[in-house]
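Written below as structure tokens is the structure these notes are about.
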């Protein structure tokens, strides 16, 4: 499990570098904030010896990331017409893992005293950073809903 955590932390470290080096997109600020929060979570989780919780969070995110990446690839290729069929599946998985399960995990992490940390500040640090990620996830999910509604109404799936 520790190896998975370190691999995912490396992936997000590379994501920060590539994010600031590539051309800016509409969601530059949100994605930059996401990458910085993820680095603080992974780095802080490792330094504070809370990597087990971080591995669960990374796994929850990776489930939706697979489907998100497939959707992005299909949208940029000749299979763009298949994106309309796959995008709702991606949205459902995103909603379930990042908006339904993640807040439950945050609540458990915050309220369950059997989960021991070396300091109570670690619990608050992790929960605050995860809450910031959850707010970003809600923002993106609403954006996905607007994109999909625009597609259903006009047949155009443009990134906002």
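Scanning the stretch 110-131 for residues that are closer than 24 Å to residue 68 by Cβ and crowded, with 16+ Cβ neighbours inside 10 Å yields 126, 129, 130. Screening residue 90 with (1) over 21 Å from residue 141 (Cα atoms); (2) modelled with pLDDT of 85 or more gives one miss only, at (1).
Surrounded by fewer than 17 Cβ atoms within 10 Å (Cβ to Cβ) and either farther than 23 Å from residue 10 by Cβ or within 14 Å of the chain's Cα centre (by Cα) (or both), is that true of residue 97? In short, no.
Looking only at the stretch 44-51, decide whether some residue is under 22 Å from residue 152 (Cβ atoms), in contact with a helix residue (DSSP H, G or I) (Cβ under 9 Å, 6 or more places away or on another chain) and surrounded by 15 or more Cβ atoms within 10 Å (Cβ to Cβ). No, there is no match, as no residue in the stretch 44-51 is under 22 Å from residue 152 (Cβ atoms), in contact with a helix residue (DSSP H, G or I) (Cβ under 9 Å, 6 or more places away or on another chain) and surrounded by 15 or more Cβ atoms within 10 Å (Cβ to Cβ). Of all residues in the stretch 132-160, those that are surrounded by 15 or more Cβ atoms within 10 Å (Cβ to Cβ) and in a loop (DSSP other than H, G, I, E, B) total 1. Under the condition of being over 18 Å from the mean Cα position of the chain (by Cα) and either surrounded by 15 or more Cβ atoms within 10 Å (Cβ to Cβ) or in a helix (DSSP H, G or I) (or both), the residues counted in the stretch 70-94 number 9.
Do we find that residue 49 is on the phi > 0 side of the Ramachandran plot, at pLDDT below 85 and part of a loop (DSSP other than H, G, I, E, B) in this structure? Yes: the conditions hold for residue 49.
The values are calculated or read from the model by the stated rules, or taken from the named source; none is laboratory data. Remember, it's a predicted structure, so these values are computed and weren't measured experimentally. Every residue, glycine as well, gets a Cβ built from its backbone with ideal geometry; the counts of neighbours run over all protein chains shown.
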